[in-house]
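**Student:** Starting off with a structure, shown below.
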Amino acid sequence: MLNLNLPSLASSIVKSGATTMATTTTQQCYVHPVVLFSVLDHYLRRNDNQERVIGTLLGVRSDDGRIVEVRSCFAVPHFETEDQVEVDMEHHRSMFALHKRASAREQIVGWYATGSKLSKYAALIQDFYSREAAPFSAVHLVMDTELTGGQLAIKCLQGSPIGAGAHPENCMFLPLPYELQYPDAELTALQAAADSSEAPEGFAVLISDMEQLEKSIDELKAMLERVTAYVHGVCAGTEKPNNVIGKYLMDMLAVVPKIDSKQFSTLFQTHLQDILMVAYLTNLTRAQLNIADRLQRIV
Amino acid sequence: MSGETKNAKPMTTLLNEETAQLATFDVSRIPKQLLPVLDVEKTVALTKVRVDPLAVLKIVKHARESHPTSVNGQLLGLEINGVLEVTHAFPVPTQLGSEEDMTNYQIEMIQCLREVNVDSSSVGWYQSTRLGDFMGQPLLDVQASYQASPNAASSVVLIHDTTKSEQGGNLSLRAFRLSAAYLDLVKKGEFGTKDLAARGLTFANILEELPVQVEGSSLAKALVAELQWPATGNGAADQLLAQELQRPSSFNAKLRARRLADRSAVADDVADDDVAGVPGLGAEGLLPVRSVGFLGRPVAALGLEQADVSLARQLESMGELIDEHVHDANQWMYWKRGEAKVRNARAQFVERRKDQDEVPEKELDAMFRPLPEPSRLDALLNTANLSLLTKAVTQSRGPAMTKMYMAQALQQDN
């Protein structure tokens, strides 16, 4: 998966054949984790007779339409049989109107579906969503909820017309490079979810900052031990050296800033004093509040 | 701060009427473990709150996007056997006109969600906060209206602190209910010193905190596992690392930008977000924020300057609250002195008139009437906010010191 960031190359990339529609093709897709969880939740809540669920993806695009950020999604009821497919468009429109009131920036950027294979009506639904997302092309996100091959494969696709005529059924889905974005706040939420899956009881209790830091430090120590063991192995000749890993480690170690030791110790001392002073003052305030509270109750 | 919260009581009453109109269904179709949900009298008290990762992510996303304004939204879920399960959450727009508009919005949203089988009973609401001092009269009013409505007697308010989550690397999500003591006093409408002492209401027990757990479905756990260790074949790990090398990590980019700025003749301030020289990324908000090929534990922001900025704001806020606290105390003392004066005057009057006939109590009361005691509620809320702030600051000092020592350990070998 090459990430081509240079705009001059973008136009020469042959992503789609001759397009009869005036749509700009998407080059890169960023997905927020809330979208993935939302899709799974919808899949778990599907009706008994459904095997697959679909919904709308909302997000923002860059001005030239080449970069899409999928920020949220909502479910759309649909019904498909051997011969026909029905999508509840009323629901889609009303949900979109409601969502627009809460977050004005988000627009329709595509749709999602679950399942390991594309539905045979995917082309038709893609056509519908392309019209909704006009003048840009619609992104199609597929999550393999059946866990084929022991993985939960997530794919981003883009429809491009093939064949002689411009029929909506003639559509080929091409893969779209995507990246998952983890804003800092969501990272903590995902960490809580990850802790819940690792804990033996199946749930994670929210812990204090200090305990969380302790866990981070433990993990950091374990990582350092693994890396040190590997480096020792390479130096001793027992492990096969890997240039990429070596360069990465070198790059990482270069990040440690070099500060003159005297300067650093002064910085350290002053900062430590600040921390202790703040802690002392806040404890003083708390003691004062408690005393005032007790006095009130006596009176 | 939380001036945008609106009263949502009419929504739940309207929803009750709607549910009553639904056709009665066969009770035997409900699985056994869900039968306690029909416990209408709510005899089991709430012990904890279990939140689905989806609801958490939606709350976090909404709070982060509207930072620094505080926003709120609805929680949906079920209460089973004293455990409140929150399965879904949706934001409520802040610019809604009237209360009716907001109620209608919530009803429409719940109806739409019901069509895709999302739990349609509201179990509370959430609010985001900035510095950690979320206690305010509007919050208490909204929560009181939620707890008063019969169908939502088990509602909680979830408070999420965005800045604290981002900097501490620890999800800050707390669940609160109003205590019985506070609700009693609200009903009576009096918040004098004697009333507070009688019910034992202090700044610490206006709100009761409930423990929060995060638990996801098995499929969600599979997804998290997939995110942490993406399926890699042979050499795919190398590819991931090679990509990492090419991609400017935010730290490297800042360092490079700063070095460039140092060398240039006119050293402009390099803004934190200025990832200079990354072409192909368009409008703001589309810059990749820590995009990595896999999910790792959030190492708390080791940038000490960021934490200092929010600490400075917290201390400023603390100073203001302390001023108000002192002001409230002075007001009360002033009233107390006035009351004492009136009492003294009355005693002297009785003393002087001892030789003459007794003046009836009622006349005395009419002649010497002290001012009524000012409500202590505002002072109480102020103290509560102050206590929340100080607790947050104290708790952040421990990790701050630890990180300092970590930085020192790195430097010691140089």
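**Student:** Where does each of B:204-214, A:143-153, A:229-239 land if you order them by average Cβ count within 10 Å, highest first?
**Tutor:** On the way: B:204-214: 17.9, A:143-153: 15.8, A:229-239: 11.5.
By packing density, highest mean first, the sequence is B:204-214, A:143-153, A:229-239.
**Student:** Counting only DSSP beta bridges with both residues in the range B:48-216, tell me the antiparallel percent, nearest 5.
**Tutor:** Details: 21 of 34 bridges.
Of those bridges, close to 60 percent are antiparallel.
**Student:** A further question on this structure: What does the extension gain come out to for A:Glu82 and A:Lys100, with contour length at 0.36 nm per residue minus their alpha carbon separation?
**Tutor:** Numbers: separation 18, 0.36 × 18 = 6.48 nm, distance 3.45 nm.
Net length gain for the segment: 3.0 nm.
**Student:** From the backbone phi of the range A:118-125, what are the Karplus-calculated ³J(HN,Hα) couplings (6.51 cos²θ - 1.76 cosθ + 1.60, θ = phi - 60°) in whole Hz, Gly and Pro given as x?
**Tutor:** 6, 5, 6, 9, 4, 5, 5, 5
**Student:** When we measure straight from the Cα of A:Lys247, which aspartates and glutamates land under 17 angstrom away, once same-chain ones fewer than 8 places off are left out?
**Tutor:** A:Glu239, B:Asp238, B:Glu244
**Student:** Next question, about the same structure. Sorted from fewest to most neighbouring beta carbons within 10 Å, what does the list A:His271, B:His327, A:His99 look like?
**Tutor:** Details: A:His271 16, B:His327 12, A:His99 23.
So the residues, fewest neighbours to most, are B:His327, A:His271, A:His99.
**Student:** Could you put A:Arg46, B:Arg337 in order, starting from the residue whose Cβ has the fewest other Cβ atoms within 10 Å? Intermediate results must be reported in sequence, preceding the final value.
**Tutor:** Numbers: A:Arg46 17, B:Arg337 10.
The most exposed by this proxy come first: B:Arg337, A:Arg46.
**Student:** Rounded to the nearest 0.05, what FRET efficiency is calculated for B:Asn104 and B:Trp335 with R0 set to 41 Å and r the Cβ-Cβ distance? Don't jump to the answer; show the numbers that get you there.
**Tutor:** Numbers: r = 45 Å, r/R0 = 1.09.
Once the sixth-power term is evaluated, E becomes 0.35.
**Student:** Rounded to the nearest Å, what's the spacing between the alpha carbon centres of the range A:223-299 and the range B:184-234? Just the number, please.
**Tutor:** 29
**Student:** Then there is this: Compute the separation of the alpha-carbon centres of the range B:343-414 and the range B:99-164 and state it in Å as a whole number.
**Tutor:** When both Cα centres are located, 31 Å separates them.
**Student:** Still on this structure, I have one more. Tell me which of A:His92, A:Pro200, A:Tyr178 sits at the most positive position along the dipole axis of chain A, charges placed on C-beta atoms (Lys, Arg +1; Asp, Glu -1).
**Tutor:** Going by the charge dipole, the pick is A:Tyr178.
**Student:** Work out Dmax and Rg for the range B:307-413 from the C-alpha atoms and quote the Rg first, both in angstrom.
**Tutor:** 26.2, 94
**Student:** Turning to a different aspect of this structure: In nm, to one decimal, how far is the modelled label at A:Thr228 from the one at A:Leu295, with both set 7 Å along Cα→Cβ?
**Tutor:** Each label point lies 7 Å from its Cα, and together they span 5.5 nm.
**Student:** What lysines could a cross-link reach from B:Lys391, if we take a straight Cα to Cα line under 29 Å and drop same-chain neighbours fewer than 8 places away?
**Tutor:** Cross-link targets: A:Lys215, B:Lys6, B:Lys48, B:Lys58, B:Lys61, B:Lys164, B:Lys194, B:Lys403.
**Student:** Quick one: of the DSSP bridges fully inside chain A, what percent are antiparallel, nearest 5?
**Tutor:** Details: 27 of 40 bridges.
Counting only bridges with both partners in chain A, antiparallel ones make up about 70 percent.
**Student:** Fewest Cβ neighbours within 10 Å first, please rank B:Thr394, A:Thr26, A:Thr266 accordingly. Before the final figure, lay out each step's value.
**Tutor:** Working: B:Thr394 17, A:Thr26 25, A:Thr266 11.
By the 10 Å Cβ count, ascending, the order reads A:Thr266, B:Thr394, A:Thr26.
Every number here is computed from the coordinates shown, using simple stated rules; none is lab data. Being a predicted model, the structure only gives us computed values, none of them experimental. A quick note on method: Cβ atoms are made from the backbone with ideal geometry, for glycine too, and the neighbour counts reach across all protein chains shown.
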